[in-house]
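Here's the structure, in structure tokens; my notes come after.
Just so you know, all these numbers are worked out from the coordinates, no wet-lab data involved. Worth saying up front: this structure is predicted, and the values here are computed from it rather than measured. Here the Cβ positions follow ideal geometry from the backbone for every residue, glycine too, while neighbour counts run over all protein chains shown.
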Amino acid sequence: ARNFGAQRVLIVTDPGVIASGWVADVQNSLQEMDIDYRVFSAVSPNPRTEEVMAGAAFYNEEGCNLIVAVGGGSPMDCAKGIG
């Protein structure tokens with residue numbers, strides 16, 4: 001994230017991945033590098049247009065400048081749509 005000039009990262013994930021602890025690992029890594037972040041986890045299997053648009057609005061409202069997807073295909077697809 002630092003190599004890409006991240007000031008505030010949007011982490012895109014889903015509730016199952018959060019429960020697994022993977023998101024906490026990413027959060028800890030960002031905190032160690034003193035990089036701010038926000039988490040968007042309103043992602044369902046086969047993300048809907050509404051979820052992507054909500055994520056894009058959240059990205060803009062929170063002043064993010066980089067997206068990191070954590071999880072499987074659904075968070076990755078949603079993150080690509082947000083981007």
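Percent relative contact order of the range 2-82, based on C-alpha pairs within less than 8 angstrom and at least six residues apart? Rounded, it is 44 percent for the range 2-82.
Could you give the dipole magnitude of the chain about its Cα centre, charging the beta-carbon of Lys and Arg +1 and that of Asp and Glu -1, in debye to the nearest 20?
Here the chain has a charge dipole of around 140 debye.
Note on the range 3-67: along the principal axes its Cα atoms extend 33, 27, 16 Å, ordered by decreasing extent.
A DSSP coil position with no more than 15 other Cβ atoms inside 10 Å describes none of the chymotrypsin sites (Phe, Trp or Tyr not before Pro) in the range 17-83. With both labels modelled 7 Å from their Cα along Cα-to-Cβ, the A19 to R48 distance reads 2.1 nm.
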